[in-house]
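Q: I am attaching a structure below and will ask some questions about it afterwards.
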Amino acid sequence: MSRLIIEGGKPLRGSVDISGAKNSALAIVVAAALATEGESVLDNIPQGSDVATICQILEDLGVEIWYDEDRRLHVRGQTLRKHQASYELVRKMRASFYSAGLLLARLGKAEVPLPGGCAIGSRPVDFHIKGFSQLGADVVIEHGYMKAETTRLKGAHIYINRASVGTTINLMIAASLAEGTTVLENAAKEPEVVDLAIFLNGMGAKVRGAGTDSIRIDGVDQLRGIEYSIIPDRIEAGTFMLAAAITGGDVVLRNVVAEHLRVPIVKMEEAGVTVTRSGTELRVVAPERLRSVDVETLPYPGFPTDLQQPFVAAMCLADGTSVVRETIFDRFRYVDELRRMGADIKTEQNTAIVRGVPQLTGAPVEITDLRAGAALAIAALAAQGRTELYGVEIIDRGYELFEAKLRSLGANIYREQLTSPKELVTR
Ligand code: EPZ
């Protein structure tokens, strides 16, 4: 175990490369195993423990998967043979449930543990399961597993109750090799869904309409591996933009698709940040003090829930009061930790009322989930004095080289290994 130490108060300056999108990579690595011909070579795969977990799950199912010396990920699905996913691996991460779509499409049989509770509230997979049965699978829930079977999935017209990213991805994976046409209505429109569709089509699938709320998938008999490069991570980009904004910094982000950040950019501009685009670069220049801004999280293209926590952190030091409404998950547990740093935040159900304070002070804080980790780090970068962040392994799930990138921008941040149990209870 380790902790991050941040000495706050230094404005971030310089430029930073944004990595490939974690949530795109998780879907595409699984989809790559749909191919029974050739291999896929995936570029811009971010290093993080969630991606490592999905690779382990696929390997355990029989898929050949390895990195070459250029850190490109090779995936060969021909050897996929096991239809039972390991509880030990799946329990680590909810996106592991994508293996169900893969197994049903490839083997007509899947036994995958149901993901359990989560630090950002109840996250059921009922839409995924309903979709599999609409595609003709016989599904039962038994002993904590979803057990599903079919001779071959059959295309169907499926309405997804909420525009769920995971359901859309899982059903796209499953329907690609189904017999006939599937239409997903009320599909998620996130860039990661579009990235998956482009990848699948490159493999020989017939997916139309990704990026709209109606996706049509004409099933094909076989897919082949291709070379592909994953889109940049819009959430990592947004996180660094907010880190620059709260510290009074001036930062250039490289390898960004500004279009994917349209609403977060608008909100940052409302807060007084100057954002300039130039090709795949974004320059972020902070004002002397941020202005308060109200935000409501919504499915894409709305303000992403994955930036809610970092945004609240930035608003803690803004001039005025911000009202932040979270409509996707139960994601306010981390505000207790921000309060320990001097933030003035009240929460009522799914709303946080953030009264900007002139100063935050460093404190020992506990990371509850990935984006909470980013939020606490952002607050710490602007706080006076030293912050110790515990539970930093959670940040490692989805941010590649987190502290190295911040350090390259001038932040005073380093990691300390915790060895003795005594050190673990110092807070
Ligand atoms: C994806 O989660 C992302 N994860 C999340 O990223 C992200 O916060 C979320 O989409 C929203 O953008 C990955 O891509 C791996 P949903 P997902 O299905 O797919 C409800 C991060 O920090 N729902 O779009 O699980 C659900 O409870 C994370 O990187 C059901 O009720 O989210 C939520 O309220 C965490 N039943 C809403 O729908 C279901 O079967 C949308 O969730 C599925 C979802």
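The values are calculated or read from the model by the stated rules, or taken from the named source; none is laboratory data. Predicted model only: the values in this text are computed from it and were never measured. Note that we place each Cβ from the backbone using ideal geometry, even for glycine, and neighbour counts take in every protein chain shown.
Q: Do we have residue 41 as at negative phi, crowded, with 20+ Cβ neighbours inside 10 Å and in the same structural domain as residue 197 (by TED's automatic domain parsing) here?
A: Values: at negative phi: yes; crowded, with 20+ Cβ neighbours inside 10 Å: no; in the same structural domain as residue 197 (by TED's automatic domain parsing): yes.
No, not satisfied.
Q: Let me ask something else about it. For the stretch 232-259, name all the residues that are under 22 Å from the mean Cα position of the chain (by Cα), in a loop (DSSP other than H, G, I, E, B) and surrounded by fewer than 24 Cβ atoms within 10 Å (Cβ to Cβ).
A: Residues satisfying the conditions are 255, 257.
Q: Go through the stretch 208-231 residue by residue and tally those that are in a loop (DSSP other than H, G, I, E, B) and small (Gly, Ala, Ser). Break it down into steps so the answer makes sense when it comes.
A: At the first step, the residues of the stretch 208-231 found to be in a loop (DSSP other than H, G, I, E, B) are 209, 211, 213, 219-223, 225-226, 230-231.
Those still in the list that are small (Gly, Ala, Ser) too: 209, 211, 219, 225.
Residues in the stretch 208-231 being in a loop (DSSP other than H, G, I, E, B) and small (Gly, Ala, Ser): 4 in total.
Q: Across the stretch 140-157, what is the number of residues that are outside any loop (DSSP other than H, G, I, E, B), closer than 24 Å to residue 35 by Cα and in contact with a Phe, Trp or Tyr (Cβ under 9 Å, 6 or more places away or on another chain)? Walk me through it before giving the result.
A: First, pick out the residues of the stretch 140-157 that are outside any loop (DSSP other than H, G, I, E, B): 140-142, 145-149, 154, 157.
Now restrict to residues that are closer than 24 Å to residue 35 by Cα: 146-149, 154.
Next, from what is left, pick out any that are in contact with a Phe, Trp or Tyr (Cβ under 9 Å, 6 or more places away or on another chain): 146, 148.
Number satisfying all stated conditions: 2.
Q: Next up: Would you mind finding the one in 102, 114, 26 that is under 21 Å from residue 163 (Cα atoms), modelled with pLDDT under 95 and under 24 Å from the mean Cα position of the chain (by Cα)?
A: Numbers: 102 fails: modelled with pLDDT under 95; 26 fails: modelled with pLDDT under 95.
The unique qualifying residue is 114.
Q: Among the β-branched types (Val, Ile, Thr) and within 23 Å of residue 29 (Cα to Cα): is that true of residue 141 in this structure?
A: No, not satisfied.
Q: Of all residues being closer than 23 Å to residue 77 by Cβ and of a type in the set (A, V, I, L, M) in the stretch 146-164, which is farthest from the ligand (Cβ to nearest atom)? Just the residue, please.
A: Within the stretch 146-164, the subset closer than 23 Å to residue 77 by Cβ is 146-155.
Filter once more, so that each one left must be of a type in the set (A, V, I, L, M): 146, 148, 153.
Details: 146: 11, 148: 14, 153: 18 Å.
Here the residue is 153.
Q: Show me the helices (runs of 4 or more DSSP H) found entirely inside the stretch 298-406 where at least 2 residues are surrounded by fewer than 22 Cβ atoms within 10 Å (Cβ to Cβ) and in the same structural domain as residue 236 (by TED's automatic domain parsing).
A: Working: elements: 308-315, 335-340, 370-382, 393-396.
So the answer is 335-340, 393-396.
Q: For the stretch 20-38, give me each residue that is out of contact with any Pro (no Cβ under 7 Å at 6 or more places or on another chain), outside any helix (DSSP H, G or I) and under 14 Å from residue 48 (Cβ atoms). Please lay out each step first, then the result.
A: Narrowing the stretch 20-38 to residues out of contact with any Pro (no Cβ under 7 Å at 6 or more places or on another chain): 23-24, 26-38.
Still in the list and also outside any helix (DSSP H, G or I): 33-38.
If the condition is that a residue be out of contact with any Pro (no Cβ under 7 Å at 6 or more places or on another chain), outside any helix (DSSP H, G or I) and under 14 Å from residue 48 (Cβ atoms), then no residue fits.
Q: Related question: Find the residue count for the stretch 166-223, including only residues that are within 22 Å of residue 75 (Cα to Cα), among the small types (Gly, Ala, Ser) and within 12 Å of the ligand (Cβ to nearest atom).
A: Selection size over the stretch 166-223: 1.
Q: Name the single residue, out of those in the stretch 96-135 being more than 9 Å from the ligand (Cβ to nearest atom) and of a type in the set (S, T, N, Q), that is surrounded by the most Cβ atoms within 10 Å (Cβ to Cβ).
A: We begin by selecting, within the stretch 96-135, every residue more than 9 Å from the ligand (Cβ to nearest atom); these are 96, 99-114, 116-117, 119, 132-135.
So of that shortlist, the ones also of a type in the set (S, T, N, Q) come out as 96, 99, 133-134.
On the way: 96: 25, 99: 29, 133: 14, 134: 17.
If we take residues in the stretch 96-135 being more than 9 Å from the ligand (Cβ to nearest atom) and of a type in the set (S, T, N, Q), then 99 is surrounded by the most Cβ atoms within 10 Å (Cβ to Cβ).
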